[in-house]
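Below is one structure, written out as structure tokens; comments come after it.
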């Protein structure tokens, strides 16, 4: 294959120690000039298409949206402060109402305690009176029983004495006297 006339390739030989540099050029401009020209074309194209105005409009829209959000935040803050003031007023009113309720409860408790003391004292007096009345009734009952027992004992004793001292003749004289007294009463 090395001897075949069709497969011969041309060899370019570079001498040792010599640098090979190729300067690319197109239309007579080097690479830095081409980059500068392309940048100039891009900037001019952007100006022609009014890109800065579109960017300004987009930024103005963003600024307006942010202002709207700030206004909404300010309104929300004002509303929150109004709610805070309202709830602080309600809290203060609740504190005042709580203090008034406590004062009323103290007065009611004092009234209830005073009434309970009065009622207890009246109950003690009533129970004392009832006990005294019961004792007096028991005393009267005891005195009556004692009198009844004493009168019974006296009657028995009298009957016994009469039975012992009176005989039949004395009884006749008493009966005659009683009969005579009956006739006079009528």
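Consider residue 169 carefully, then state whether it is assigned to a helix (DSSP H, G or I), out of contact with any strand residue (DSSP E or B) (no Cβ under 9 Å at 6 or more places or on another chain) and surrounded by 10 or more Cβ atoms within 10 Å (Cβ to Cβ).
No.
Pull out all pairs, ordered by first then second residue, where Cβ-Cβ is under 7 Å, the residues are six or more apart or on different chains, the first lies in the range 110-132 and is at positive phi and modelled with pLDDT of 90 or more, and the second is surrounded by 10 or more Cβ atoms within 10 Å (Cβ to Cβ) and assigned to a helix (DSSP H, G or I).
none
The values are calculated or read from the model by the stated rules, or taken from the named source; none is laboratory data. Given the structure is predicted, the values throughout are model-derived calculations rather than measurements. So basically every Cβ, Gly included, is an ideal-geometry build from the backbone, and we count neighbours across all protein chains shown.
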